[in-house]
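As structure tokens, the structure follows; a few thoughts come after it.
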Amino acid sequence: MTITSPTTQGRPAAGAAGAGKTVALFSTCANDVMFPQAPMATTQLLERLGCRVVFPKKQTCCGQPLVNTGYYDETVPIVRNFAETFAEYDYVVAPSGSCVGAVRHQHQMLADHAGDAGLRRVVDGVVARTYDISEFLIDVLGVEDVGAYFPHVVTYHPTCHSMRVAHVGDRPMRLLQAVRGITIRDLPDADRCCGFGGTFSLKNPDVSVAMAADKARNVASTGAEYLVAGDNLCLLNISGVLRRQHSGILPIHIAEVLASTEEAS
Amino acid sequence: MSKATQVPVRRAGHTDLESTRRTPAPPAGDLIDSPRFPVQAKVELGNPVQRKNLHHAMTTIRAKRTKVAAELDNWEDLRLAGEAIKNRTLRHLDQYLVQLEESLTAAGTTVHWARDAQEANAIIVGLVNEALGDAEGDAREVVKVKSMATQEIDMNEALEEAGIAAWETDLAELIVQLGHDRPSHILVPAIHRNRSEVREIFLEEMGRYGRPAPEGLDTEPANLAGAARLHLREKFLRAKVAISGANFAVAETGTLVVVESEGNGRMCLTLAETLISVVGIEKVLPTVEDLEVFLQLLPRSSTGERMNPYTSLWTGPTAGDGPQTMHVVLIDNGRTKVLSDPKGREALRCIRCSACINVCPVYEKVGGHAYGSVYPGPIGSVLTPQLRGVTSPVDASLPYASTLCGACFDVCPVRIPLPDLLVHMRHKVVEGKKAKAEADGLKGLLHPHAEPAIMKATAQVLSSPKLWAAATAAGSLGGKALKGRVAKFGPLPWPLSKWTNARDVPIPPTESFRAWYARTHHEDGSLK
Ligand code: SF4
């Protein structure tokens with residue numbers, strides 16, 4: 001693993017920003033199994049900034065796929081497991097605006113649905129301490145320039161749940177703009193949904209594909225080498241169409257961009 | 001546009017009745033019997049002209065709304081005020097409705113109450129018959145102001161059955177009616193049609209139901225509007241009875257408000273002798289002052305205009321001016337049921353501006369006909385299954401007709417949390433499915449009740465750290481087995497084929513994240 005030494009680059013020292021902070025990484029279930037690069041990059045990035053990163057093994061999922069399909073009762077034990085797993089940590093950080101949004105927006109409702117006041121209290125605490133990686137970097141560590149180097153042309157898709165549920169705002173873009181060597185191209189109709197929508201893509205496959213095709217067309221129009229986003233399942237959806245079209249544009253999680261350094265590249 | 005790509009004008013189903021009908025027959029069947037959303041959505045997706053029309057229209061209207069909403073530095077305050085006023089009104093709806101009845105009556109308007117569509121239609125037919133007296137033939141007709149409530153109760157067909165012709169006078173509603181069609185949008189009902197289709201409909205149909213379209217009519221919007229003006233004027237000047245809805249009904253004064261763009265509504269509201277207004281009970285506002293908020297929110301949200309062109313307010317009949325007989329039919333039609341659900345009732349704040357529809361990426365792809373509902377888009381997907389229940393196949397599918405992208409909430413002028421309500425309604429659908437699966441016993445384990453069983457099994461794995469850890473190990477075993485053989489998955493078997501028919505999926509990694517972490521880190525986070 002490469003730990004960039006910011007001082008050698010004559011840039012403001014970001015390295016100490018995380019000193020003394022222990023972060024509990026919530027990898028998210030999809031990243032754990034399908035996209036380990038994103039939580040790996042998150043770990044490396046946070047360690048580079050001085051944090052201690054622990055991975056509580058009891059973690060599973062935020063429950064979003066079930067609750068968004070309408071299965072409340074089934075999701076309650078998942079919420080309970082999440083709350084118990086992360087209750088003791090000051091900072092819970094995930095490389096996913098969507099999963100963080102689900103924790104923030106749905107876990108309290110589900111604790112109430114279960115009529116479990118004790119669970120609700122634990123959930124209240126955990127929810128307040130759960131961050132998307134972009135929020136943790138900017139709001140808690142106070143860094144925009146994380147010392148990353150990524151000499152490529154990229155375009156950024158702000159995923160719907162990162163924008164409208166987690167409310168990460170312009171944080172990801174600010175982080176990207178501080179990356180050395182990067183060229184960021186505007187994505188036309190960036191705020192339009194890519195058509196993934198979890199089980200929507202299975203229940204309404206035709207509409208989902210039609211929406212993904214629009215997004216893929218807009219991405220291709222930018223001439224970028226990489227499509228950056230903060231949610232891997234949206235990337236999977238868009239890049240699935242891009243791949244089928246042999247466009248050559250690669251999907252990449254924002255944490256991987258931010259973890260890249262000159263030494264590593 | 002080539003002839004081949006034109007959408008055929010939808011044809012009537014009641015051909016055998018056609019000869020005795022007064023008005024163009026709409027497509028056969030009831031909306032509630034429509035196919036499930038994904039099925040009809042696929043059909044609509046296959047219509048390239050409609051997709052192009054919708055994309056163009058929605059993009060334009062969205063941009064207009066964004067611009068005018070951004071002009072006001074108190075836009076968010078207005079939204080909060082709109083939400084608060086509606087919430088307060090709904091909380092005390094019983095009192096405000098009684099007050100409204102008293103004020104309307106005092107202003108000389110007769111108030112009628114209807115529990116459902118059937119009752120409402122019976123009242124309306126009775127009132128029209130009374131107003132028309134022994135009029136015969138062409139004179140047995142009414143002119144209509146665009147109204148969602150009358151569509152909800154399918155009033156035109158109830159009048160038709162009673163031998164009364166109901167003429168739509170809103171330009172787009174006229175296009176829909178003459179086209180034997182159904183509206184596909186609550187604000188711009190003929191949004192799925194383009195100019196050449198409109199021309200075709202006018203040329204073919206106007207003559208059968210009144211003044212024909214001028215010969216040689218072209219596709220210039222001004223000329224198309226001119227043809228509609230001449231066709232409608234005949235009806236405006238002749239009709240004795242007009243039927244309207246209302247955007248707002250003010251409890252304090254008994255004032256009704258109609259917000260429209262063309263002035264055709266005002267022709268109906270002022271020229272007829274009898275005016276019947278069909279109003280959903282959630283339309284009540286406490287005071288005239290409250291209009292200050294809504295008359296700013298509504299035009300900016302719906303048409304993207306700063307001010308609405310024709311806003312008509314009236315408080316009972318005025319001697320010697322306008323309709324001398326006025327009736328209001330207050331309809332419940334499922335609204336009290338919606339009100340009884342503390343979460344679901346948020347949908348009753350809706351002022352039918354259509355901003356959520358215009359911003360919905362799913363609607364833009366498929367259009368309104370896919371929803372099998374008078375109300376399409378996000379609001380339709382949460383309101384219709386509440387009004388009608390979630391038992392019909394289409395109603396059970398509507399809450400899933402969204403990616404939950406949340407764009408709708410951001411634009412809703414009364415801050416209805418549409419994504420939350422969609423999830424809430426999904427929960428209701430699931431509860432229904434579970435109850436059915438239980439009632440069906442073992443049979444319920446098979447399709448179409450497979451989903452609850454799959455979800456239960458998934459939840460068991462996801463709530464058990466042990467089972468989940470095992471699953472992640474199995475996942476990377478799959479990745480290892482495939483390593484080096486393929487770079488991506490092409491087509492996969494059902495149900496994953498729904499994904500891979502149009503998308504490629506990369507092969508799973510050979511090592512899960514947790515395996516990597518355990519290999520490189522101690523449990524306390526220190527590096528190995
Ligand atoms: S739900 Fe909101 S945005 Fe949609 S039509 Fe109603 S008021 Fe307008």
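The values are calculated or read from the model by the stated rules, or taken from the named source; none is laboratory data. Everything numeric in this text was worked out from a predicted model, so none of it was measured. Cβ atoms come from the backbone with ideal geometry, glycine included; neighbour counts cover every protein chain shown. Remember, those area values only see protein heavy atoms, side chains included, never the ligands or the DNA or RNA. Shrake-Rupley method; radii C 1.70, N 1.55, O 1.52, S 1.80 Å.
If you take the residues in the range B:395-410 that are open to solvent by less than 10 Å² (accessible area, probe 1.4 Å) and more than 10 Å from chain A (Cβ to nearest Cβ), which one is farthest from the ligand (Cβ to nearest atom)?
Going through the qualifying residues, I end up with B:D395.
If B:K436 satisfies all but one of (1) of a type in the set (D, E, K, R); (2) at pLDDT 80 or above; (3) over 33 Å from the mean Cα position of the chain (by Cα); (4) open to solvent by 50 Å² or more (accessible area, probe 1.4 Å), what's the number of the condition it fails?
All conditions pass for B:K436, except number (3).
Among (1) in contact with a Lys or Arg (Cβ under 8 Å, 6 or more places away or on another chain); (2) within 7 Å of chain A (Cβ to nearest Cβ); (3) modelled with pLDDT under 85, there is one condition B:P495 misses while meeting the rest; what is its number?
The failed condition is (1).
Check A:Y156 against each of (1) more than 13 Å from chain B (Cβ to nearest Cβ); (2) more than 14 Å from the chain's Cα centre (by Cα); (3) closer than 20 Å to A:S221 by Cα and name the one condition it does not meet.
(2)
Is it the case that B:G372 is crowded, with 24+ Cβ neighbours inside 10 Å, within 8 Å of the ligand (Cβ to nearest atom), under 10 Å from the mean Cα position of the chain (by Cα) and among the small types (G, A, S)?
So B:G372 does not fit the description; no.
Just checking, which of A:G125, A:G118, A:G97 is free of Cβ contacts under 8 Å to residues at least 12 places away in the same chain and farther than 15 Å from B:V423 by Cβ?
When all the criteria are applied, what remains is A:G118.
Given the criteria in contact (Cβ under 8 Å) with a residue 24 or more places away in the chain, at positive phi and touching a strand residue (DSSP E or B) at 6+ places or on another chain (Cβ under 7 Å), does B:G245 qualify?
Judged against the criteria, B:G245 is not a match.
Please go through the range B:377-394 and give me each residue that is near the ligand (Cβ under 8 Å from one of its atoms) and small (G, A, S), ordered by number.
Selection gives B:G377 alone.
For the range A:27-49, which residues satisfy the criterion of being aliphatic (A, V, I, L, M), within 13 Å of the chain's Cα centre (by Cα) and within 7 Å of chain B (Cβ to nearest Cβ)?
Correct list: A:M40 only.
Mind checking which residues of the range B:209-219 are in contact (Cβ under 8 Å) with a residue 24 or more places away in the chain and not small (G, A, S)?
Once the filter is applied, which keeps residues that are in contact (Cβ under 8 Å) with a residue 24 or more places away in the chain and not small (G, A, S), the range B:209-219 yields B:Y209, B:T219.
Mind listing whichever residues of the range B:194-238 are open to solvent by less than 70 Å² (accessible area, probe 1.4 Å), among the acidic types (D, E) and outside any helix (DSSP H, G or I)?
Within the range B:194-238, B:D218 is the sole residue that qualifies.
Kindly establish whether B:R352 is surrounded by fewer than 23 Cβ atoms within 10 Å (Cβ to Cβ), more than 14 Å from chain A (Cβ to nearest Cβ), within 16 Å of the ligand (Cβ to nearest atom) and within 16 Å of the chain's Cα centre (by Cα).
Taking the combined requirement at face value, the residue satisfies it.
Please go through the range B:381-394 and give me each residue that is crowded, with 24+ Cβ neighbours inside 10 Å and away from every other protein chain (no Cβ under 14 Å), ordered by number.
Listed by number, the residues that qualify are B:L383, B:T384, B:Q386.
Mind checking which strands (runs of 3 or more DSSP E) fall wholly inside the range A:172-265 and carry at least 3 residues that are open to solvent by 10 Å² or more (accessible area, probe 1.4 Å) and away from chain B (no Cβ under 12 Å)?
Those strands (runs of 3 or more DSSP E) span A:183-185.
Could you check B:V142 against (1) without any contact (Cβ under 8 Å) to a residue 24 or more places away in the chain; (2) more than 21 Å from the chain's Cα centre (by Cα) and say which number it fails?
The one condition B:V142 does not meet is (1).
Of the residues B:I191, B:I175, B:I153, which is crowded, with 21+ Cβ neighbours inside 10 Å and at pLDDT below 95?
B:I191
Of the conditions (1) in a helix (DSSP H, G or I); (2) away from the ligand (no atom under 16 Å from the Cβ); (3) surrounded by 19 or more Cβ atoms within 10 Å (Cβ to Cβ), B:V338 fails just one. Which one is it?
Checking B:V338 against (1) in a helix (DSSP H, G or I); (2) away from the ligand (no atom under 16 Å from the Cβ); (3) surrounded by 19 or more Cβ atoms within 10 Å (Cβ to Cβ), the one that fails is (2).
For the list (1) on the phi > 0 side of the Ramachandran plot; (2) modelled with pLDDT under 95, I need the number of the one condition that A:G70 fails.
Looking at each condition in turn, A:G70 falls short on (2).
Tally the residues that are in a helix (DSSP H, G or I), facing another protein chain (nearest Cβ under 7 Å) and under 11 Å from B:E431 (Cα atoms), restricting the search to the range A:63-78.
Qualifying residue count for the region: 1.
Within the range B:82-121, track down each residue that is on the phi < 0 side of the Ramachandran plot, small (G, A, S) and open to solvent by 30 Å² or more (accessible area, probe 1.4 Å).
Scanning the range B:82-121 gives B:A84, B:A106.
Quick one: is B:V366 open to solvent by less than 30 Å² (accessible area, probe 1.4 Å), within 16 Å of the ligand (Cβ to nearest atom) and touching a residue at least 12 places away in the same chain (Cβ under 8 Å)?
Values: open to solvent by less than 30 Å² (accessible area, probe 1.4 Å): yes; within 16 Å of the ligand (Cβ to nearest atom): no; touching a residue at least 12 places away in the same chain (Cβ under 8 Å): yes.
Answer is no for this residue.
Since B:P417 meets every condition but one in (1) buried (at least 21 other Cβ atoms within 10 Å of the Cβ); (2) within 16 Å of the ligand (Cβ to nearest atom), which condition does it not meet?
Only one criterion is unmet by B:P417, namely (1).
So, of the residues in the range A:50-62 that are closer than 28 Å to A:E263 by Cα and either more than 7 Å from every other protein chain (Cβ to nearest Cβ) or part of a helix (DSSP H, G or I) (or both), which turns out to be least open to solvent (accessible area, probe 1.4 Å)?
A:C51
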